[in-house]
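The values are calculated or read from the model by the stated rules, or taken from the named source; none is laboratory data. A quick note: this is a predicted structure, and the numbers were derived from the prediction, not measured. For neighbour counting, all protein chains shown are included, and Cβ atoms are generated from backbone atoms with ideal geometry for every residue, glycine included.
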Protein chains: 4
Amino acid sequence: MTENMIPDDAIKCLDKGFVRLVDSMGGDDAIVQSARVSYGKGTKKVTQDRGLIRYLMRHRHTTPFEMVEFKFHCKMPIFVARQWVRHRTANINEYSMRYSEARDDFYIPEKKDIHFQSKLNKQGRDIEDVPDELKEKVIQYFEEMSQKSFNIYQELNEAGIARELARAIIPVNIYTEWYWKNDLHNTLHFLHLRMDSHAQYEIRVYADAMAEYVKKIAPFAFEAFMDYVVNGMRFTGVERSIFSKNLPKRILDEIYEDVIYQIVATMHHTKSRDQEELYHLYQKNGGKDTQGDFELKWDSGEVEPGNVRELTEFKEKLESL
Amino acid sequence: MTENMIPDDAIKCLDKGFVRLVDSMGGDDAIVQSARVSYGKGTKKVTQDRGLIRYLMRHRHTTPFEMVEFKFHCKMPIFVARQWVRHRTANINEYSMRYSEARDDFYIPEKKDIHFQSKLNKQGRDIEDVPDELKEKVIQYFEEMSQKSFNIYQELNEAGIARELARAIIPVNIYTEWYWKNDLHNTLHFLHLRMDSHAQYEIRVYADAMAEYVKKIAPFAFEAFMDYVVNGMRFTGVERSIFSKNLPKRILDEIYEDVIYQIVATMHHTKSRDQEELYHLYQKNGGKDTQGDFELKWDSGEVEPGNVRELTEFKEKLESL
Amino acid sequence: MTENMIPDDAIKCLDKGFVRLVDSMGGDDAIVQSARVSYGKGTKKVTQDRGLIRYLMRHRHTTPFEMVEFKFHCKMPIFVARQWVRHRTANINEYSMRYSEARDDFYIPEKKDIHFQSKLNKQGRDIEDVPDELKEKVIQYFEEMSQKSFNIYQELNEAGIARELARAIIPVNIYTEWYWKNDLHNTLHFLHLRMDSHAQYEIRVYADAMAEYVKKIAPFAFEAFMDYVVNGMRFTGVERSIFSKNLPKRILDEIYEDVIYQIVATMHHTKSRDQEELYHLYQKNGGKDTQGDFELKWDSGEVEPGNVRELTEFKEKLESL
Amino acid sequence: MTENMIPDDAIKCLDKGFVRLVDSMGGDDAIVQSARVSYGKGTKKVTQDRGLIRYLMRHRHTTPFEMVEFKFHCKMPIFVARQWVRHRTANINEYSMRYSEARDDFYIPEKKDIHFQSKLNKQGRDIEDVPDELKEKVIQYFEEMSQKSFNIYQELNEAGIARELARAIIPVNIYTEWYWKNDLHNTLHFLHLRMDSHAQYEIRVYADAMAEYVKKIAPFAFEAFMDYVVNGMRFTGVERSIFSKNLPKRILDEIYEDVIYQIVATMHHTKSRDQEELYHLYQKNGGKDTQGDFELKWDSGEVEPGNVRELTEFKEKLESL
């Protein structure tokens, strides 16, 4: 690849880097296919595929997600590559500065990405603004050190010094590139950690770009990942017991009732029923209102349909609080 | 090992199996030691070690937990080994029925462990009782098939038939044994999946036995694992939004206030302060009661101390609801 | 899948099993493509691709071979699956007898595959013939135990006993199936161990079938694997020193000379030259014959062309003997 | 750790780095112990342990070597760490320059380690000498760039710029440190690749240091590794067929005979026998000399004893040539 060029099908990252999907194997269908080897044949319709994938994600049945494979071509600064490489299940082929000459591609941060050290967080950046002159100084230092080190590298290279040694004076903002191949499960794990707000900005950009491709190749799996993993919330045992102690039973009962109405609405949405049947369904799911109250509430407004299985699981969690 | 013998230092599992810790490397101290290479030197006191380990567990900083290693000697039926072996990071040396003769050790379930197929759950067992005669029949079949297959195996073996073929008629309730070596992080992952109520009873027994050893070798890590991972609760994005919609702000405010009181109590517990200082601390942490109300509540009863960092994180979660 | 059916695109293995390639990503071209990211751009012609792949295989540059991925659907007896699963880099989704009912598919060996225990080798089978009656008895036992255990399984299943327990009386010759996904490098490692004559016959059959697919998807890589890994020979340090001590220098010189002629023939084959040039080339490669002798030999018979790089490496090995 | 200090129990590497063994689990005994779970009980004497370990190494039975675990504390330049981290089975905790400040520790090569780029080998260094002035220039550049980048880093750090960004101008010759934990099998694989003459000098130094510790903890395993893996020689299928074609049968017969004498000498060494028995033994192992010739040769000089199993395997290889 010629220096400084971004391939047409790539997503640009930072000033000179990129991510592009070189190849992939399987998608949502491959997840469903392999899950059905494990868990039996089941149904075939698309909505049911989505339901199965969501079920698998919710219950951490991870192996079917390992059946989809991605191969990315990425170009990123060495300090980003150093974080990235810690994801050990990936297969990697990196540009070698022992075999090949270093190239004059260095990461220079944009003004908007220069921040103060976070005061709260030992890692990370602060939101307070860095004065413009200081930002300019930072950029100037980056440019200066990049240029200077590359000039020396070239001089040593021309003098015939071994490349593997000469490259040792180059700073970690130089770009490297690699092929990175991984399965969907482990790619999602990478995204979970690296799309997170605590991840360094410079790697987050790459995770966001990869996410675009993943979403295209396996849309149901990606949606389930966002709903259950990224936007989920985990309470520790301690937090859970504070909740249990403080949530009035009355509130929990109300939420519980609400969930039952949602279950009924969902089933009605899938297959329409008359009011008699609806009340019966409501009771079967644990509803305690009288038929009169039920009909009043039902008629008074829309109850949003959801996913029956997921709502039923939520009911169980509420009971355990 | 002579057949049917349980080593003295082992925990017996099922009728003829066991788990015993053969060797281990490091414990809570090794976690702290390696975390300090990554995150800086920090403090040295035991309570601080516990705090650091809990922080690491809560924030899924998993690599320090990989610095502790266990080696177990286990004996279990083949159908249990088949589930167990799917944990791929472990190192395993298993008894080979190609090299060595099979031994007359078969798993026969106890009456109490014989259940009906669960009606709700495609995997798993029902709580409804199996009639005693049926239980006896099951046991009789297990004994009969074990004995019969072993007799045939021995006959073929004495006739000189290749062991690797003769063993193919033996049922999966025969015991095998292995050395199983893994790090703490991946062992806890195993325990999380296999101590769970959805895991098959016959492997849960082994997970529980291993947990005993893990608890002894790395007590703080095990405690944090129980508090944050096992006894935690995860809400999906969907559940979280139902909560957000249904939890009255007033209730959340009350829980929030409660957490602030707990933070103050914890700090007071660590270092005693007078009421003036306490109220100041309370305000600094976001408390909104007047000093009068504060003192009234404070004097009226014990507020249980906890962990300041953990409670502060909980405050943030409550704000995000 | 209906019981006992072999999919059309599968290779049948044993009496009721099979291997079929469900999907794959990349082939020889993907190896070359990723190698060029690491080692520089290089040349583009097909013969050069082959040369590069052979170079990578010879020098154990394994990561480019990880860039090709296979997904197989396989059906095999449990005792075969138990050996197979030890290859830990693969992704696996196996048919679950906790979720689904066992199926009446059992491996019954053919007469030709029934052997005595090897006397030389603790594992393995002898070449001496087993008498026909004994073979028939073995087959009869396999059929009897398979049938009997399956009848009991069905009876317990119909009585409602939990599947996860009932399946424990089934012998390891029952068939299971799975999706098995792995990269080319690790698949070749599997083939190396399992196509070997020391591997159990019943898994060798599967390795041979997989090899057919691998050969089709990545022919150059497979050819290099056969030439360098499977058909290679490894001498230990001890063996090497016995060789060094016992091989007369004269013999080594002759082999060395022979290799030089082969190098010249190869270069001549690629680009034709006149005799003057040929002799010059011969000398440059270390040849010591006079021009007269050279021409005599050259004219007297065909020297088979080979691979210059490989022959040069062989020269170096000969020098080190 | 205070900057620039080498712990007492460490082996110094390069100018400011080191390797030290922090902890280990098991040794030769653990290999034997786990092999005996797999392959049966066998014998107990020390010489037999050595024989078993050598057998396992020779036959690539790798899992028993995974039962030994090492934990190293290492300090090395980033460009060395970048090669090292590709060994994916290790557990790593590295010093984080996001959490903690960079330290003024940079690798400056010694004169003797400054070489020209190899002309033959795309990676690697040439043996031809670099003129002294050029060497001095290289060193001066390393010192200058290290100092300059660190000054800028400190200035940005004092100005409050986020550490995770400021560190991006530091060259890859800065030292980092980590805990690196791995099993013996994978550590030997690391040593095999990184002690090799094709490995970069700066990582070879670390591999050599680690080898010292491995040798101490598992001496038999290390000896077998050197004999069979490092000092072995692998012939490709092509090379093997050139050998077969060119080695006169007479020479092979002579080597073969020699090996038989060595086998007899080894057995005599273990348990003394009279000449009659010796000749009988010689014949049983395939010797073809007459008793007279045998006795003549036997008396005429020492035949070095070796390992019977290994020599027998060599005989088989010679037969296959």
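Looking at C:H192, C:H185, C:H198, which is the one that is facing another protein chain (nearest Cβ under 10 Å), in a loop (DSSP other than H, G, I, E, B) and within 27 Å of D:E239 (Cα to Cα)? So that I can check it myself, show each step before the final result.
Values: C:H192 fails: in a loop (DSSP other than H, G, I, E, B); C:H185 fails: in a loop (DSSP other than H, G, I, E, B).
Just one listed residue meets the conditions, C:H198.
Quick one: would you say D:R240 is of a type outside the set (S, T, N, Q) and in contact with a strand residue (DSSP E or B) (Cβ under 6 Å, 6 or more places away or on another chain)?
On the way: of a type outside the set (S, T, N, Q): yes; in contact with a strand residue (DSSP E or B) (Cβ under 6 Å, 6 or more places away or on another chain): yes.
When the stated conditions are applied, D:R240 passes them.
Being modelled with pLDDT of 85 or more, surrounded by fewer than 15 Cβ atoms within 10 Å (Cβ to Cβ) and touching a helix residue (DSSP H, G or I) at 6+ places or on another chain (Cβ under 8 Å) is the filter here; which residues of the stretch C:261-282 pass it?
Scanning the stretch C:261-282 gives a single hit, C:R273.
What pairs come up if the first residue lies in the stretch C:70-97 and is without any contact (Cβ under 8 Å) to a residue 24 or more places away in the chain and assigned by TED's automatic domain parsing to the domain that holds C:L165, the second is surrounded by fewer than 22 Cβ atoms within 10 Å (Cβ to Cβ) and of a type outside the set (A, V, I, L, M, F, W, C), and their beta carbons are under 7 Å apart, counting only those six or more places apart or on different chains?
So the pair list comes out as C:R88/B:R88; C:S96/A:S38; C:S96/A:Y39.
Report yes if B:R234 is more than 30 Å from B:E69 (Cβ to Cβ), within 12 Å of chain A (Cβ to nearest Cβ) and in contact with a strand residue (DSSP E or B) (Cβ under 7 Å, 6 or more places away or on another chain), otherwise no. Give the derivation first.
Numbers: more than 30 Å from B:E69 (Cβ to Cβ): no; within 12 Å of chain A (Cβ to nearest Cβ): yes; in contact with a strand residue (DSSP E or B) (Cβ under 7 Å, 6 or more places away or on another chain): yes.
For B:R234, the condition - more than 30 Å from B:E69 (Cβ to Cβ), within 12 Å of chain A (Cβ to nearest Cβ) and in contact with a strand residue (DSSP E or B) (Cβ under 7 Å, 6 or more places away or on another chain) - is not met.
Determine, yes or no, whether B:F65 is assigned to a helix (DSSP H, G or I), at pLDDT 90 or above and closer than 12 Å to B:H185 by Cβ.
Numbers: assigned to a helix (DSSP H, G or I): yes; at pLDDT 90 or above: yes; closer than 12 Å to B:H185 by Cβ: yes.
Criteria met by B:F65.
Name the residue, out of D:N4, D:N91, that is closer than 27 Å to D:E164 by Cβ and modelled with pLDDT under 95. Break it down stepwise before answering.
On the way: D:N91 fails: modelled with pLDDT under 95.
Exactly one of D:N4, D:N91 is closer than 27 Å to D:E164 by Cβ and modelled with pLDDT under 95, namely D:N4.
Taking A:G124 and the conditions (1) buried (at least 16 other Cβ atoms within 10 Å of the Cβ); (2) modelled with pLDDT of 95 or more, which numbered condition does it fall short on, given that it satisfies the others?
(2)
Would you confirm whether any residue within the stretch D:130-142 is of a type in the set (D, E, K, R) and over 21 Å from D:Y107 (Cα atoms)? Outline the logic, then answer.
At the first step, the residues of the stretch D:130-142 found to be of a type in the set (D, E, K, R) are D:132-133, D:135-137.
With over 21 Å from D:Y107 (Cα atoms) added as a condition, the list becomes none.
The answer is no, given that none of the residues of the stretch D:130-142 is of a type in the set (D, E, K, R) and over 21 Å from D:Y107 (Cα atoms).
Could you tell me which numbered condition B:R103 fails, if it satisfies all but one of (1) within 19 Å of C:F150 (Cβ to Cβ); (2) out of contact with any helix residue (DSSP H, G or I) (no Cβ under 8 Å at 6 or more places or on another chain); (3) of a type outside the set (F, W, Y)?
(1)
Determine whether the stretch C:262-271 contains at least one residue that is more than 30 Å from D:D227 (Cβ to Cβ) and within 10 Å of another protein chain (Cβ to nearest Cβ). Before the answer, list the steps.
Within the stretch C:262-271, the first condition is being more than 30 Å from D:D227 (Cβ to Cβ), and the residues that meet it are C:262-271.
From the residues that got through so far, the ones that are within 10 Å of another protein chain (Cβ to nearest Cβ) too are C:262.
Scanning the stretch C:262-271 turns up at least one residue that is more than 30 Å from D:D227 (Cβ to Cβ) and within 10 Å of another protein chain (Cβ to nearest Cβ).
Output the number of residues of the stretch D:91-117 satisfying the condition of being within 11 Å of chain B (Cβ to nearest Cβ) and in contact with a Pro (Cβ under 9 Å, 6 or more places away or on another chain).
Here is the first cut: in the stretch D:91-117, the ones within 11 Å of chain B (Cβ to nearest Cβ) are D:91-101.
If we keep only those that are in contact with a Pro (Cβ under 9 Å, 6 or more places away or on another chain) too, we end up with D:93.
The number of residues fulfilling the criteria is 1.
Could you tell me which residue of the stretch D:158-177 is farthest from B:V32 (Cα to Cα), considering only residues that are surrounded by fewer than 24 Cβ atoms within 10 Å (Cβ to Cβ) and more than 8 Å from chain A (Cβ to nearest Cβ)?
D:E158
Does the stretch B:247-254 contain any residue that is under 19 Å from B:R54 (Cα atoms) and not assigned by TED's automatic domain parsing to the domain that holds B:D208?
Keep residues of the stretch B:247-254 that are under 19 Å from B:R54 (Cα atoms), which gives none.
Among the residues of the stretch B:247-254, not one is under 19 Å from B:R54 (Cα atoms) and not assigned by TED's automatic domain parsing to the domain that holds B:D208, which makes the answer no.
Looking at the stretch C:251-260 only, could you name the residues that are more than 10 Å from chain D (Cβ to nearest Cβ) and out of contact with any helix residue (DSSP H, G or I) (no Cβ under 7 Å at 6 or more places or on another chain)?
Pass one, the stretch C:251-260, residues more than 10 Å from chain D (Cβ to nearest Cβ): C:253, C:260.
Matches in the stretch C:251-260: C:D253 only.
Against the definition (of a type in the set (A, V, I, L, M), closer than 21 Å to B:S241 by Cα and touching a strand residue (DSSP E or B) at 6+ places or on another chain (Cβ under 7 Å)), how does A:M226 come out, yes or no?
On the way: of a type in the set (A, V, I, L, M): yes; closer than 21 Å to B:S241 by Cα: yes; touching a strand residue (DSSP E or B) at 6+ places or on another chain (Cβ under 7 Å): no.
Considered against the rule, which asks whether it is of a type in the set (A, V, I, L, M), closer than 21 Å to B:S241 by Cα and touching a strand residue (DSSP E or B) at 6+ places or on another chain (Cβ under 7 Å), A:M226 comes out as no.
Quick check, is B:V308 under 29 Å from the mean Cα position of the chain (by Cα), under 30 Å from A:D258 (Cα atoms) and of a type in the set (A, V, I, L, M, F, W, C)? Steps first, answer last, please.
Details: under 29 Å from the mean Cα position of the chain (by Cα): yes; under 30 Å from A:D258 (Cα atoms): no; of a type in the set (A, V, I, L, M, F, W, C): yes.
Taking the combined requirement at face value, the residue does not satisfy it.
With the requirement that a residue be under 18 Å from B:L252 (Cα atoms), in a helix (DSSP H, G or I) and within 14 Å of chain A (Cβ to nearest Cβ), what does the stretch B:279-321 give you?
B:E310, B:L311, B:T312, B:E313, B:F314, B:K315, B:E316, B:K317, B:L318, B:E319, B:S320
Kindly indicate whether A:E177 is assigned to a helix (DSSP H, G or I) and either charged (D, E, K, R) or not assigned by TED's automatic domain parsing to the domain that holds A:N93 (or both). Write out each step before concluding.
Values: assigned to a helix (DSSP H, G or I): no; either charged (D, E, K, R) or not assigned by TED's automatic domain parsing to the domain that holds A:N93 (or both): yes.
No, not satisfied.
Can you name the residue in the stretch D:240-260 that is farther than 29 Å from C:M226 by Cβ and not aliphatic (A, V, I, L, M) and, of all such residues, is surrounded by the fewest Cβ atoms within 10 Å (Cβ to Cβ)?
Top of the filtered list is D:R250.
For the stretch B:205-231, what are the residues that are surrounded by fewer than 16 Cβ atoms within 10 Å (Cβ to Cβ), within 14 Å of another protein chain (Cβ to nearest Cβ) and part of a helix (DSSP H, G or I)?
B:V230
Residues that are at pLDDT 95 or above, touching a helix residue (DSSP H, G or I) at 6+ places or on another chain (Cβ under 7 Å), at the interface with chain D (Cβ under 7 Å from one of its Cβ atoms) and not in a helix (DSSP H, G or I): does the stretch A:130-150 have at least one?
Checked the stretch A:130-150: no residue is at pLDDT 95 or above, touching a helix residue (DSSP H, G or I) at 6+ places or on another chain (Cβ under 7 Å), at the interface with chain D (Cβ under 7 Å from one of its Cβ atoms) and not in a helix (DSSP H, G or I).
Go through the stretch D:68-97 and count every residue that is buried (at least 20 other Cβ atoms within 10 Å of the Cβ) and assigned to a loop (DSSP other than H, G, I, E, B).
Matching residues across the stretch D:68-97 total 4.
Does the stretch B:12-47 hold any residues that are of a type in the set (A, V, I, L, M, F, W, C) and modelled with pLDDT of 85 or more, and which are they? Break it down stepwise before answering.
Pass one, the stretch B:12-47, residues of a type in the set (A, V, I, L, M, F, W, C): B:13-14, B:18-19, B:21-22, B:25, B:30-32, B:35, B:37, B:46.
Once the filter is applied, which keeps residues that are of a type in the set (A, V, I, L, M, F, W, C) and modelled with pLDDT of 85 or more, the stretch B:12-47 yields B:C13, B:L14, B:F18, B:V19, B:L21, B:V22, B:M25, B:A30, B:I31, B:V32, B:A35, B:V37.
Among the residues of the stretch A:218-255, count how many are of a type in the set (A, V, I, L, M, F, W, C), touching a Gly at 6+ places or on another chain (Cβ under 7 Å) and in contact (Cβ under 8 Å) with a residue 12 or more places away in the chain.
Result for the stretch A:218-255: 1.
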